[in-house]
Amino acid sequence: MPAEQTPRPAGMALDPDDPSRLVLSGDIDVYAVAGHRMAPEQLAGVRVVDLHAVDFVDSAGLGFLIGLSRQVRPHRLRLEGLHGTARQMLVVMGAHHVLDL
């Protein structure tokens, strides 16, 4: 992330209309992952992660998504709305092998 950009506060919540959908926003980085813990039983039914409002994902964010994909097996986690730098980072890191981008 360029130094002149200010990180956006992260958000993480289940969609109230569809609890199989986790909505993320802001920068999904080490601070967001550490600060927004949801109980494993809350995340067990997640099948889709909405990333429309996410512009940045670091290695901790990738680790969170990979961990979530393991937790929901045998289902394959689908990421929606992934764009820009966040998409490039996940593709370069090989996330497309375990996540549906």
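In contact with a His (Cβ under 7 Å, 6 or more places away or on another chain) and not β-branched (V, I, T) - does that describe any residue in segment 44-54?
Step one: of segment 44-54, the residues in contact with a His (Cβ under 7 Å, 6 or more places away or on another chain) are 47.
Add one more test, that the residue is not β-branched (V, I, T), and what stays is 47.
Scanning segment 44-54, I find at least one residue that is in contact with a His (Cβ under 7 Å, 6 or more places away or on another chain) and not β-branched (V, I, T), so the answer is yes.
Which of the residues belonging to segment 17-37 are over 10 Å from the mean Cα position of the chain (by Cα) and at pLDDT 95 or above? The answer is D17, D18, S20, R21. Residue count for segment 53-83, restricted to those that are loosely packed, with under 15 Cβ neighbours inside 10 Å and either of a type in the set (S, T, Y) or over 19 Å from V33 (Cβ atoms) (or both): 7. Determine whether segment 62-75 contains at least one residue that is in contact with an Asp or Glu (Cβ under 6 Å, 6 or more places away or on another chain), within 19 Å of D15 (Cα to Cα) and modelled with pLDDT under 95. Within segment 62-75, none of the residues are in contact with an Asp or Glu (Cβ under 6 Å, 6 or more places away or on another chain), within 19 Å of D15 (Cα to Cα) and modelled with pLDDT under 95.
For segment 42-59, name all the residues that are within 12 Å of S25 (Cβ to Cβ) and of a type in the set (G, A, S). Residue satisfying the conditions is A53 alone. For segment 84-101, taking the residues that are within 22 Å of V46 (Cα to Cα) and open to solvent by 70 Å² or more (accessible area, probe 1.4 Å), the one that is nearest to the chain's Cα centre (by Cα) is identified as R87.
The values are calculated or read from the model by the stated rules, or taken from the named source; none is laboratory data. Note that the structure is a prediction, hence the values are computed from the model and not measured. Ideal geometry is used to build each Cβ from the backbone, glycine not excepted, and the neighbour counts take in all protein chains shown. Just the protein is used for accessible areas: all its heavy atoms, side chains included, with ligands, DNA and RNA removed. Shrake-Rupley method; radii C 1.70, N 1.55, O 1.52, S 1.80 Å.
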